[in-house]
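Enquirer: Shown below is the structure under consideration.
The values are calculated or read from the model by the stated rules, or taken from the named source; none is laboratory data. Keep in mind that this is a model prediction, so the values were computed, not measured. Cβ atoms come from the backbone with ideal geometry, glycine included; neighbour counts cover every protein chain shown.
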């Protein structure tokens, strides 16, 4: 039986054989409490580096596919909501695991952290197999329902048919990353996922153009790169046993309580991502009446949008681990400190990115396509949506703190408000009933971001006061 650490010293942990391991597999709670602001960057910067590599992939992937023509870009765009759906499953399971593992580690209960990690990995494999198999059988009607038709539908279905195993592997990979993040290690996931992404960037042109596989080559490159990352995670976690949490599947017994603890945060988080995926489906449907060029412009605009979103997600990711560890250690004051600190730097990033997007939107869009109509749509999209970046920042960071506290519902409520109750209905009404153009759709994004961020800011302030009162009463 593994001995639980109680000292929290910043030293290398003993290896499995009793020797000192070179791996940084220790309880990091004391270190993070001693310097919480440094902890924000220690957790966020590796994720940002990984996101930067992912962003480069998003840009190059769309650029390569864009050279295959408008139908290929539209086919990839129609697959984005499906990809978002699968990643949402992984994000939810991983977030639930990160929160639970961090809270147990903060409370100095390593055995419980180990059990949470085992359950998260088993859930990821089981759920991933089920939903990917179901989506494969229904891919044509699903893509048609999203508005794909003709050659774009044929290409979109072919792409998904090949990339589906990659989605399954991605679910497991994201969950493994989240498990390591829960113990305060974001460098290892960045290195592994970054390796897979760089491999994808290298393979894209080789398969798309060198092997003359077209959009099927893009899908094949994704599957190969995800498989490589999966193999690396398995070796690190299960073969070499280099993580702080340990896996003992020979003695694994499913626990409804642990599954419930993971899903209490994970299910709302997954549902939030699915709502955004459904929102993407509605947006594609709403925009599709304006033509294939409009859908392609929306897809390219979304890829450009990710230049802001991905770093913001990386910055906010630290809050799940830190809020979890700090609540486990009963330090609400540190949760407040890191929340304010993270929002400040998030706003700095958001304003800088908004200025860059406003000034250089046409040039950025031109990197993906030479079609002037598509460039025009993407430019108007980015120049409008960037005005909501400062508000989106507050919503994202506040939601991650809620998840770290073990509360998944607030993030679900604000996402539902932003997407399903405001943005989608407003966009549909303005374009269908009032005959307004694409600009009305873009403005619906901004308005919904403003409203949901106000709700999130008020809610997190009240929640922290409530938690502090509850701890004081114990």
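Enquirer: Taking region 365-378 as the search range and keeping residues that are part of a helix (DSSP H, G or I) and touching a residue at least 24 places away in the same chain (Cβ under 8 Å), which one is nearest to residue 302 (Cα to Cα)?
Expert: 378
Enquirer: Would you call residue 264 in a helix (DSSP H, G or I), under 17 Å from residue 40 (Cβ atoms) and either in contact with a strand residue (DSSP E or B) (Cβ under 9 Å, 6 or more places away or on another chain) or modelled with pLDDT of 85 or more (or both)?
Expert: Answer is no for this residue.
One line per residue, one yes/no per condition, for (1) out of contact with any helix residue (DSSP H, G or I) (no Cβ under 6 Å at 6 or more places or on another chain); (2) buried (at least 20 other Cβ atoms within 10 Å of the Cβ):
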residue	(1), (2)
257	yes, no
268	no, yes
273	no, yes
286	no, yes
292	no, yes
306	no, no
310	no, no
315	no, yes
318	no, yes
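Enquirer: If only one of 61, 114 is under 27 Å from residue 230 (Cβ atoms), out of contact with any helix residue (DSSP H, G or I) (no Cβ under 7 Å at 6 or more places or on another chain) and in a helix (DSSP H, G or I), which one is it?
Expert: 114
Enquirer: Out of 233, 207, 247, 252, report the one residue that is farther than 30 Å from residue 416 by Cβ, without any contact (Cβ under 8 Å) to a residue 24 or more places away in the chain and touching a helix residue (DSSP H, G or I) at 6+ places or on another chain (Cβ under 8 Å).
Expert: One residue alone meets the criteria, 207.
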